[in-house]
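Quick notes on the structure that follows.
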Amino acid sequence: MASPAGDDKVRPVAAVSSVGVADSGSTKDEKLQASASDSDNREEVRQRILEQQAEIRNETRLTTNLSSLWKRDKSKKRLDEIATQPSVFDDPELAKYFQPSEKYENRHRFDPSFRWTWAEELPLVRRIDWKVTAWSCIAFFALDLDRSNLSQANTDNFLEDMGLDTNDYNYGNTVFRIAFLLAELPSQLISKKIGPDRWIPAQMILWSLVSAGQFWLKGRQSFLVCRALIGLLQGGFIPDVILYMSYFFKGTELPFRLALFWMANRLTDVVAPLLAYGLLRLRGYHGYEGWRWLFLLEGLLTLVIGIWSFFIMVPSPTQTKAPWRRDGWFTEHEEKILVNRILRDDPSKSDMHNRQAITPKLLWESLCDYDLWPIYAIGLTFGIPAGPPDQYLTLTLRQLGFDTFDSNLLSIPCQITTTINMLLLTYLSEKINQRAFLGVFVELWLLPCVIALATIPSGINKWASYALVTVLLSYPSPHPMQVGWCSRNSNTVRTRTVSAALYNITVQLQGIVNSNIYRRDDRPEYRRGNRQLVAIASMNIVIYLLAKGYYVWRNKRRDKLWDAMTVEQKQEYLETTTDKGSKRLDFRFAS
């Protein structure tokens, strides 16, 4: 939590201490007992304690997913030391609010008096990495392979063979993104109902069958139906996997694993052209085009991954036994370590049936939280200047005179450099604690490139054109930085997931815009479309600066109110306020 300058040490009397145990003052105990006497207030007390704990943990936890790749754990652990972290379960007055639900599947392993050492815990975490994190990376590879191989198919005359044009291609991408967007929330509801270990493999198998079925595409209608089905079946996959991973990792451990998860997505953009380089050479085999074999064989590959996922995924740390895995993953002692370390880190995870549920009320509250609107506005447009050139990269390379195989290979360098630049930008945002200005830097990277695309004369050397497109698409994506920005400015346990989902929805809407800027009547140089990209990049600079100005203004207003209060008034506010999340006077927005 960002605290106002000069008052970092001010804490509410009822707050949980920095080691997770409540302060022992009688005033706090009397307030908790009085609140407990009213059953309607019980959940409010419970949630307030959770929020206070989350604020304290946020002071030391990693705030963005990718920054954890280079941040080292500076605490040196002796393997024989007790690894059991203090928590609300150590205080009888607080513990009664956090007893695991009767429906919690790991309840039989919960023991607040249980203790273990680092020598026991660390090998368990490494084992989970091999069984859960490694699987998640492979699963993301399967997702991205089937949703993006249309780009490689384009290098093999896909549009011409199907009798399609640029507008049909744009329409197909739009249909996919709308379907993907519409399926996100329903997919999460299904996942919570039947379990990620069942729903995720089912998703993978179903979309793989549809992807492989593109081998038999006949025309525009079948093309659009397949794009819609793939979008519907893939929507929600990412939050479903994140939910699944949260069952096994603490809040401070999850960011690093998600960083690997998202990097797997970027690496797919490197591997996919290499696969296409070989598979498209099957053109003419049994009289079929190479792109048909590409869809079929890559769909079968991801189908195998989906079937394998049914056997590798487990419902929870205590439900790892199966007919093909009779001994399970862990012993009873190891299961107790896994369950208790997770609940000590976040007691709310014992309420599994409704944890992070996106209810209409929460969705409406998050939509009405106008302090997050600047980030949502950024999510709508920040990547548009690079979107159409990226979607049309392989087609552009073909139009420049490169053959099918060179076009796929030449798309790899910018994928590697943009990944590296993304990591560097995310690191820098944490290092200098700035986000909006770095967003402006990204747009200033893109702006001269799209200006050049809109103005360079026809017939320019193809290698010069390739160099220009490569520089443009090597831009440092601010997306992971902005995910962390949105999470930090939400500042509440209950709404952080909702705001992240809403931000992701705006990014998906951005993709729909991307798919409709380059039009058939503007080909092959797309001068009009590139002029539109110039205007949008210029507009984005203004949006970032307005967002920066808004958050600075909001912080200054709160500083003025907060600094005018006496220490006693501040203490009373912290004890009695009903303000939540980013509405609290002691909270400061990241900018």
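The values are calculated or read from the model by the stated rules, or taken from the named source; none is laboratory data. The model shown is predicted, which means the values in this text are computed figures rather than measured ones. So basically every Cβ, Gly included, is an ideal-geometry build from the backbone, and we count neighbours across all protein chains shown. Side chains are part of the model used for accessible areas, which takes the heavy atoms of the whole protein and leaves out ligands, DNA and RNA. Shrake-Rupley method; radii C 1.70, N 1.55, O 1.52, S 1.80 Å.
Structure notes:
- The residues on offer are Leu300, Leu254, and the sole one that is closer than 30 Å to Val132 by Cβ, without any contact (Cβ under 8 Å) to a residue 60 or more places away in the chain and not aromatic (Phe, Trp, Tyr) is Leu254.
- When the criteria are applied in full, Gly379 meets the requirement of being more than 12 Å from Tyr475 (Cβ to Cβ) and out of contact with any Asp or Glu (no Cβ under 8 Å at 6 or more places or on another chain).
- Sole residue being modelled with pLDDT under 90, surrounded by fewer than 19 Cβ atoms within 10 Å (Cβ to Cβ) and under 18 Å from Ala467 (Cα atoms), chosen from Asn408, Asn433, Asn421, Asn354: Asn421
- Residues of region 147-167 that are over 22 Å from Gly284 (Cβ atoms) and open to solvent by 20 Å² or more (accessible area, probe 1.4 Å): Arg147, Ser148, Asp165, Asn167.
- All positions within region 85-94 that are of a type outside the set (D, E, K, R) and either at pLDDT 75 or above or open to solvent by 50 Å² or more (accessible area, probe 1.4 Å) (or both): Gln85, Pro86, Ser87, Val88, Phe89, Pro92
- Matching residues in region 515-528 - criterion: being surrounded by fewer than 21 Cβ atoms within 10 Å (Cβ to Cβ) and more than 28 Å from the chain's Cα centre (by Cα): Arg519, Arg520, Asp521, Asp522, Arg523, Pro524, Glu525, Arg527, Arg528
- Checking Leu438, Leu447, Leu425, Leu409 one by one, the residue that is under 19 Å from Ala259 (Cβ atoms), out of contact with any Ser or Thr (no Cβ under 6 Å at 6 or more places or on another chain) and outside any loop (DSSP other than H, G, I, E, B) is Leu425 and no other.
- Scope region 441-451; condition surrounded by fewer than 18 Cβ atoms within 10 Å (Cβ to Cβ) and of a type in the set (A, V, I, L, M); matching residues: Leu444, Ile451
- Given (1) under 19 Å from Ile375 (Cβ atoms); (2) buried (at least 22 other Cβ atoms within 10 Å of the Cβ), number of the condition Leu533 does not satisfy: (1)
- Listed conditions (1) touching a residue at least 12 places away in the same chain (Cβ under 8 Å); (2) within 20 Å of Ser246 (Cα to Cα) are all met by Lys321, apart from (1).
- Residue match in region 227-247 (condition: under 29 Å from the mean Cα position of the chain (by Cα), open to solvent by less than 30 Å² (accessible area, probe 1.4 Å), over 25 Å from Ala501 (Cβ atoms) and not acidic (Asp, Glu)): no
- Note on region 112-124: among residues that are at pLDDT below 90 and open to solvent by less than 30 Å² (accessible area, probe 1.4 Å), the one that is nearest to Ser87 (Cα to Cα) is Phe114.
- Of residues in region 357-401 being outside any helix (DSSP H, G or I) and surrounded by 16 or more Cβ atoms within 10 Å (Cβ to Cβ), the one modelled with the highest pLDDT: Phe382
- Per the conditions (1) touching a Pro at 6+ places or on another chain (Cβ under 9 Å); (2) open to solvent by 20 Å² or more (accessible area, probe 1.4 Å), the sole criterion not satisfied by Leu189 is (1).
- All positions within region 523-545 that are within 14 Å of Gln391 (Cβ to Cβ) and of a type outside the set (A, V, I, L, M): Arg523, Tyr526, Gly529, Asn530
- Selected residue (criterion: farthest from Leu189 (Cα to Cα)) from residues of region 212-226 that are touching a residue at least 24 places away in the same chain (Cβ under 8 Å), open to solvent by less than 30 Å² (accessible area, probe 1.4 Å) and part of a helix (DSSP H, G or I): Phe215
- Yes/no for Asn540 being modelled with pLDDT of 85 or more, closer than 20 Å to Leu372 by Cα and open to solvent by less than 70 Å² (accessible area, probe 1.4 Å): yes
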